[in-house]
Amino acid sequence: MNKFSKLAIGLACSSVLLFGADIYLSDNTKVPNLTMKNTKLSFKDIEGYQNYKIVATHFRKDKNEIRYILANPVAYNALRADSKVMPNGSKVVKIGWSVNDMSSFPSALEANKIQRVEYMIKDTTKHKESDGWGYARFVKKNGKYQAWGGDPKSCVACHASVKSNNALFTKFQKMF
Ligand code: HEC
């Protein structure tokens, strides 16, 4: 091995060490400037959510929607550790897609169009009336997002049925 190949290998190894933890391309697409009229929670509160980690996948049979549940680092660590209390600053995001048959293999389904992005954000001071969680939903129609106009009390009421699990239906899905 000559001096140059040694140098090249050295450089490659050190760049893996230096940058190895950050090799994904990140998605920093700006989210639209939309705010829920009742709670004043905005889409911007979860800006960068495309880079959160997936903690669970659900399929809603009646809505025919596949849902990915993503968590910011605070929520991810708490869910992974099966924490009984989700810390303030936790953000749990759900993306729902319609599904259609995969054209190259019709007995498989594939995600088609985003129907909604919704989230829960934990702040026990700001949202003390609703078990510490703030709820927001943004629906996508004809390629454009809009803030859902309904009453977030309905979110709180349904999620109350899983109060013993931090008001979350999601359970951390292990990938191994
Ligand atoms: C009638 C019951 C019901 C209502 C109303 C409801 N949800 Fe949920 N939600 C669920 C169920 C069931 C799941 C788990 C299955 C899934 O992912 O769709 C869920 C999952 C979620 C998740 C992922 C975390 C978790 O708890 O698993 C978020 C975020 C969420 N809902 C936000 C909202 C928001 C925001 C609203 C109101 C705009 C809302 N939900 C209204 C039943 C409900």
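Give me the pairs, please: first residue somewhere in region 163-176 and closer than 20 Å to residue 121 by Cβ, second residue anywhere and among the aromatic types (Phe, Trp, Tyr), beta-carbon distance under 9 Å, and either six or more positions apart or on two chains.
Close Cβ pairs (under 9 Å, with a partner that is among the aromatic types (Phe, Trp, Tyr)) amount to 166/133; 167/133; 168/133; 172/76.
Among the residues of region 64-73, are any within 21 Å of residue 26 (Cβ to Cβ) and among the hydroxyl-bearing types (Ser, Thr, Tyr)? Show your work before the answer.
Filtering region 64-73 down to residues within 21 Å of residue 26 (Cβ to Cβ) leaves 68-73.
From what is left, the residues that are among the hydroxyl-bearing types (Ser, Thr, Tyr) are 68.
Yes, that holds for at least one residue.
Suppose we filter region 84-112 for residues that are in contact (Cβ under 8 Å) with a residue 60 or more places away in the chain and away from the ligand (no atom under 13 Å from the Cβ); how many remain?
Selection size over region 84-112: 2.
Name the single residue, out of those in region 150-176 being more than 10 Å from the ligand (Cβ to nearest atom) and assigned to a loop (DSSP other than H, G, I, E, B), that is surrounded by the fewest Cβ atoms within 10 Å (Cβ to Cβ).
176
If residue 37 meets every condition in (1) in contact with a Lys or Arg (Cβ under 7 Å, 6 or more places away or on another chain); (2) touching a residue at least 40 places away in the same chain (Cβ under 8 Å); (3) within 18 Å of residue 145 (Cα to Cα) apart from one, which number is that one?
Exception for residue 37: condition (1).
Would you pick out the residues in region 119-149 that are within 13 Å of the ligand (Cβ to nearest atom), surrounded by fewer than 19 Cβ atoms within 10 Å (Cβ to Cβ) and either free of Cβ contacts under 8 Å to residues at least 40 places away in the same chain or of a type in the set (Ser, Thr, Tyr) (or both)?
Answer for region 119-149, where residues must be within 13 Å of the ligand (Cβ to nearest atom), surrounded by fewer than 19 Cβ atoms within 10 Å (Cβ to Cβ) and either free of Cβ contacts under 8 Å to residues at least 40 places away in the same chain or of a type in the set (Ser, Thr, Tyr) (or both): 131, 139.
Each value in this text was obtained by applying a stated rule to the coordinates, not by laboratory testing. Note that this is a predicted model, so its numbers are computed, not measured. Don't worry about glycine lacking a Cβ; one is built from the backbone with ideal geometry, like all the others, and counts go over all protein chains shown.
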